[in-house]
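Since the structure comes first, as structure tokens, the remarks are kept for the end.
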Amino acid sequence: TGEPTTGSQTTVDDGCPGHPSGDWAACQHGSMTDNTLCGWTAGAGNGKITCLSPSSGAFNVCGIRDCIDDCDCFAAPLTGTAIPSCEVVFGGGGTACVLYCVNGQQCPDGMECASGYCYWPS
């Protein structure tokens, strides 16, 4: 079929030579942020790990701040159809990797689409 497979999951080649280690995990418990839950390794690409939250609501997700393009983001999750994307999400034009769900894409199991991106409920 031309599509690589991972276990029983079929993945689509996104054209990236590789993605940084880490995951679109929850990174906040109550008022405490714990970026070690992201599984990110420094030096694996452009940017640095961050815990993202929408402007309203109690949601959070691991992301990579100061990304340059989509290949700087974690690989797509095994469930859902949300798209890993490097987007301008901070005031002043700052970028971060997010899971894009604006056009009906489905968030991974357990996550919710809020303000156009997938987050874990807090």
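Quick notes on this one:
- Share of carbon and sulfur in the accessible heavy-atom surface of the chain [1.4 Å probe, %]: 51
- Backbone amide hydrogens, once placed in the peptide plane, bring Ala114 within less than 5 Å of Tyr119, excluding anything fewer than 5 places away on its chain.
- Correct option for Rg and Dmax of the Cα atoms in Å [calculated from the coordinates] among (i) 13.6, 38; (ii) 16.9, 59; (iii) 13.8, 46: (iii)
- Amide hydrogen proximity for Ile83: with H placed 1.01 Å from N in the peptide plane, the residues at 5 or more positions away or on another chain lying under 5 Å are Tyr100.
- In order through the range 56-64: 3J(HN,Hα) via Karplus (6.51 cos²θ - 1.76 cosθ + 1.60), integer Hz, x for Gly, Pro: 9, x, 9, 9, 7, 6, 5, x, 10
The values are calculated or read from the model by the stated rules, or taken from the named source; none is laboratory data. These numbers were taken from a predicted model, which means no experiment stands behind them. The accessibility values were calculated without ligands, DNA or RNA, using every heavy atom of the protein model including side chains. Shrake-Rupley method; radii C 1.70, N 1.55, O 1.52, S 1.80 Å.
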